[in-house]
Amino acid sequence: MNEAGTLGVRAGQSGVETVTLDDGAAMAVRVSGSGDPLLLVHGWAAHGGFFEGLADALSDSFSIIVPDLRGHGATGRGEGPLTMARLADDLHALLRVLDLRNAVAVGWSMGAMVLWSMIGRHGADRLAGLVTIDMSPRILNDADWTLGMQTGLDRAASAQIETAMRTGWPAYAAAFAPRMFARPENGQLPDILPWAVDQMAGNDADAMAELWGAMADTDCRDTLAGIRIPALVTYGALSQAYSPETSRHLAAAMPDARLKGFARSGHAPHLEEPDAFARAITDFAREVQTAPAQPEFTRGVRHD
């Protein structure tokens, strides 16, 4: 990673900044609000717009920074392979370019894995706290690890999934998106589902398959014990992705972590129980952002 002075940020329209990363890739970043910073990191095959409601709810109290990760949304894939390490380095660069300090980072699904990877590679000196949303430190299962995906996903099944993504991505996205939400008892699907399917189907098939493989190759279990900032582990009690036991394991594995479940949610409690989730984030951030006051984040300004 080059020094921050070789990177830059350019103001855009409608609160969108363009941050130039070390390989020249342009990262789209939505910014809003004022106050201590919240960094919201989306999951696989999503983009920052999946946090729009949460950002609106919290922007009166916090500066909200929402990137589109490499290969998602308005951010291109750039050069080289797509790996969790690459995405982690991008987030670290973003923190430096915007000079974010005393930030609470919120990672949904793959976004949590990217944040764990970032902390493992670069430390957590710019973070006051970490929030994870329904994720496992290792998505694959084997004889010694059964807290990956609830489907029992193993290496062979993951390889088959990658093939299905490359050969029929729109159909795969349409089948995957409903599994982000709690299975409806009355058969009524969430109102947001058609929008989610449309947004996910617009991704590049090869990029999504490559990133899925990168997740499958990543194991963050050894990183957890070294994460010594306060953490809030959140999950949906009705998740079709991971069991509540996975989140209980996470909360026990990190030295300063607590657990928060959402009884009516699946894999996306920030979308399924938005008011309760926003209150939980607000309470946690106000508690942990107690360091001496830092200069307020200013949109469109680079601090070298």
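Taking the criterion of being surrounded by fewer than 23 Cβ atoms within 10 Å (Cβ to Cβ) and over 17 Å from residue 203 (Cα atoms), the residues of the stretch 27-42 that qualify are 32, 33, 34, 35. Scanning the stretch 180-214 for residues that are touching a residue at least 60 places away in the same chain (Cβ under 8 Å), assigned to a helix (DSSP H, G or I) and either over 19 Å from residue 48 (Cα atoms) or of a type in the set (Asp, Glu) (or both) yields a total of 2. Give just the number: which of (1) part of a loop (DSSP other than H, G, I, E, B); (2) without any contact (Cβ under 8 Å) to a residue 40 or more places away in the chain; (3) of a type outside the set (D, E, K, R) does residue 218 not satisfy? The one condition residue 218 does not meet is (2). For the stretch 228-240, filtering for residues that are out of contact with any Leu (no Cβ under 6 Å at 6 or more places or on another chain) and buried (at least 23 other Cβ atoms within 10 Å of the Cβ) leaves 5. Screening residue 196 against (1) over 17 Å from the mean Cα position of the chain (by Cα); (2) among the small types (Gly, Ala, Ser); (3) over 18 Å from residue 249 (Cβ atoms) leaves a single unmet condition, (1).
Only one entry of 165, 180 meets the criterion of being buried (at least 18 other Cβ atoms within 10 Å of the Cβ) and within 17 Å of the chain's Cα centre (by Cα), and that entry is 180.
When each of 11, 26 is tested for being over 12 Å from the mean Cα position of the chain (by Cα), at pLDDT 90 or above and more than 21 Å from residue 278 (Cα to Cα), the lone residue that passes is 26.
Can we say residue 24 is in contact with a Ser or Thr (Cβ under 6 Å, 6 or more places away or on another chain) and either more than 18 Å from residue 270 (Cα to Cα) or free of Cβ contacts under 8 Å to residues at least 24 places away in the same chain (or both)? Against the criterion (in contact with a Ser or Thr (Cβ under 6 Å, 6 or more places away or on another chain) and either more than 18 Å from residue 270 (Cα to Cα) or free of Cβ contacts under 8 Å to residues at least 24 places away in the same chain (or both)), residue 24 does not qualify. Starting from the stretch 85-112, take each residue that is under 16 Å from residue 27 (Cβ atoms) and among the basic types (Lys, Arg) and list its partners that are surrounded by fewer than 23 Cβ atoms within 10 Å (Cβ to Cβ) and modelled with pLDDT of 95 or more, counting only C-beta distances under 9 angstrom and pairs at least six apart or across chains. So the pair list comes out as 86/214; 96/126. Taking residue 223, is it under 22 Å from residue 69 (Cβ atoms), in contact with a Pro (Cβ under 9 Å, 6 or more places away or on another chain), touching a residue at least 60 places away in the same chain (Cβ under 8 Å) and assigned to a helix (DSSP H, G or I)? Against the criterion (under 22 Å from residue 69 (Cβ atoms), in contact with a Pro (Cβ under 9 Å, 6 or more places away or on another chain), touching a residue at least 60 places away in the same chain (Cβ under 8 Å) and assigned to a helix (DSSP H, G or I)), residue 223 qualifies.
Let's see how each residue does on (1) of a type in the set (Gly, Ala, Ser); (2) surrounded by fewer than 13 Cβ atoms within 10 Å (Cβ to Cβ); (3) within 23 Å of residue 224 (Cα to Cα):
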{"position": "262", "(1), (2), (3)": "no, no, yes"}
{"position": "266", "(1), (2), (3)": "yes, no, no"}
{"position": "272", "(1), (2), (3)": "no, no, no"}
{"position": "275", "(1), (2), (3)": "no, yes, no"}
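The values are calculated or read from the model by the stated rules, or taken from the named source; none is laboratory data. Quick caveat: nothing in here was measured; it's all calculated off a predicted structure. Virtual Cβ from ideal backbone geometry, glycine too; neighbours counted across all protein chains shown.
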